[in-house]
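Notes follow the structure.
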Amino acid sequence: MSYEKIIADNREWIDDTFAKLDKKLSVTAVKSRDKIPYTTKNGVHDSRTEGKDILWWTNGFWGGLMWLMYAGTGKECYKETAQNAEKIMDGAFRYMDSLHHDVGFMWHIMSGAAYKLTGDKASRNRDLLAAMTLMSRYNVEGDYIRSWNGKENGGWTIIDCMMNIPQLYWATDEIGDTRFKKIAMRYADMAMRDHVRADGSVNHIVVHDPDVPDTVLETKGGQGYGVGSCWSRGAAWALYGFILSYIHTKEERYLDTAKKVAHYFVSNVMNTGWLPLIDFRAPDEPVYYDSTAGAIAACGLIEIAKNCPEFEKNIYLSAAIKMLKAMEKEWCDWSETEDSILQMGSERYGGGMHMPIIYGDYFFTEAVLKLKGCDFLPW
Ligand code: GLY
């Protein structure tokens with residue numbers, strides 16, 4: 001079935017869901033204008049802005065979500081909140097030595113989006129500054145971008161960072177310095193080799209020798225169940241991250257890797273009503289879900305569908321829609337008494353479980369916007 005036919009068959013659900021997003025978010029855009037939300041407490045958005053909370057890795061998603069809705073509707077209420085979020089986030093640049101690998105999540109989808117949508121040069125500067133700090137994390141001897149700060153983490157890479165490297169591709173396109181793209185591709189090649197397993201499952205954390213290239217000392221379960229398991233959000237970061245690397249480089253190996261992870265991901269959600277478990281290799285009980293993994297994976301599946309041959313599109317697009325529909329039915333809260341939308345996100349296996357998390361709302365919205373036909377790609 002063609003991409004267009006699948007979209008046409010689901011048009012009513014897509015339009016209805018986008019209308020519900022707009023109805024709810026146009027209210028919270030004003031209500032939470034001076035916040036940088038992470039989750040909700042008793043239905044009300046919290047705010048991560050005090051002191052070093054401003055450095056929290058998810059702090060770009062609120063501004064990014066507002067830019068998505070601005071791209072989809074052109075409404076000023078979203079633009080005003082997005083621009084306010086960006087100003088609040090300038091507080092993070094006071095702590096340059098505490099910035100980390102997640103500066104792409106923090107600025108590329110917020111300031112980068114602002115620049116793409118409005119041409120604002122101050123936003124461009126913020127995104128470039130963040131890209132430069134990300135590139136400065138490259139370990140020339142170990143040949144990877146280090147993740148968290150701290151002496152004990154010097155050799156660690158995490159699959160999540162596949163979503164930060166689009167900021168480096170962008171920096172090369174923007175200022176013509178090819179070093180950013182080259183380092184991004186080195187990271188993608190390392191992740192393909194050391195994080196993605198032969199069957200399409202994914203290691204969250206890989207520990208390298210910081211002084212010797214291409215070495216793996218150890219893998220860690222990270223936010224998943226344990227060593228050798230497959231944390232579903234990590235798989236989703238890989239799925240979406242590799243198709244984004246393909247979009248930016250046109251290297252077929254990244255498309256193939258995105259597909260490989262997609263096949264593993266989809267085969268694991270088919271048997272759980274298209275609702276993703278938090279880890280695909282965890283014991284059957286207790287049953288823990290993670291909606292954020294589903295929303296991120298749906299975005300990646302839609303991009304694979306857009307970038308693969310005609311006769312394959314159905315596999316990826318239909319899986320994305322089935323997952324989004326299942327999550328909308330079971331886990332979306334459209335009420336006015338709850339500021340968040342997508343429930344049942346999980347921070348990590350066994351901790352911070354089954355709660356709304358801002359990037360769940362972000363990726364769910366991004367996925368629906370893609371289905372609606374909006375071609376704005378913030379990454
Ligand atoms: N990047 C951290 C997480 O996905 O929870």
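Each reported figure results from applying straightforward, stated rules to the coordinates on display, with no laboratory input. Owing to the predicted nature of the structure, the values given are computational and were not obtained by experimental measurement. Note that each Cβ is placed from the backbone with ideal geometry, even for glycine, and that neighbours are counted across all protein chains shown.
Name the helices (complete DSSP H segments) of the chain with a Cα length along the long axis of 15 Å or more and a Kyte-Doolittle mean of at least 0.0, or state none.
Values: long enough: 11-31 (30 Å, -0.49); 61-73 (18 Å, 0.85); 76-89 (20 Å, -1.06); 121-135 (21 Å, -0.05); 179-194 (22 Å, -0.70); 232-249 (25 Å, 0.58); 252-269 (26 Å, -0.41); 291-307 (24 Å, 0.92); 313-331 (26 Å, -0.17); 358-372 (21 Å, 0.35).
Qualifying helices: 61-73, 232-249, 291-307, 358-372.
Counting only helical runs of four or more DSSP H residues, what would the 222 nm mean residue ellipticity of the chain come to if each run contributes -39,500 (n - 2.57) and the total is spread over all its residues? Each step should come with its number before you reach the end.
Working: 13 runs with 191 residues, N = 379.
About -16500 deg cm²/dmol.
Please report Asp97, Asp279 as a ranked list, fewest other C-beta atoms within 10 angstrom at the top and most at the bottom.
Working: Asp97 5, Asp279 28.
Listed from fewest to most nearby Cβ atoms, that is Asp97, Asp279.
Over segment 264-304, what portion of Cα pair distances is larger than 15 Å, expressed as a whole percent? Write out the running numbers ahead of the final one.
Details: 301 of 820 pairs.
Above the 15 Å cut-off, segment 264-304 has 37 percent of its Cα pairs.
Going by how many other beta carbons lie within 10 Å of each one, how would you line up Arg193, Arg186, fewest first?
Placing the least packed residue first, the sequence is Arg193, Arg186.
Could you list, in their original order, any pairs among Lys87/Lys306; Lys23/Lys372; Lys24/Lys79; Lys23/Lys370 whose Cα atoms are separated by more than 25 Å? The partial results should precede the final answer.
Numbers: Lys87/Lys306 34 Å; Lys23/Lys372 16 Å; Lys24/Lys79 16 Å; Lys23/Lys370 18 Å.
Table pairs above 25 Å Cα-Cα are Lys87/Lys306.
Rg/Rh for segment 287-337 to two decimals, with Rh computed the Kirkwood way over all alpha-carbon pairs.
Working: Rg = 13.0 Å, Rh = 11.9 Å.
My calculation puts Rg/Rh at 1.09.
Quick one: Ser335, Ser32, Ser267, fewest Cβ neighbours within 10 Å first, how do they rank?
Numbers: Ser335 9, Ser32 21, Ser267 13.
In order of increasing Cβ crowding within 10 Å: Ser335, Ser267, Ser32.
What whole-number distance in Å separates the alpha-carbon centres of segment 16-48 and segment 121-147?
Cα centroid to Cα centroid, the span is 30 Å.
Can you give the Rg/Rh ratio of segment 1-151, where Rg is from the C-alpha atoms and Rh is the Kirkwood radius?
Values: Rg = 17.7 Å, Rh = 16.9 Å.
Over the Cα atoms of segment 1-151, Rg/Rh equals 1.05.
Alpha carbon centre of segment 149-191 versus segment 199-260: separation in Å?
What the calculation gives is 13 Å, centre to centre.
Normalized C-alpha radius of gyration of the chain, against 2.2 N^0.38 Å?
Values: Rg = 19.2 Å, N = 379, 2.2 N^0.38 = 21.0 Å.
It is 0.91.
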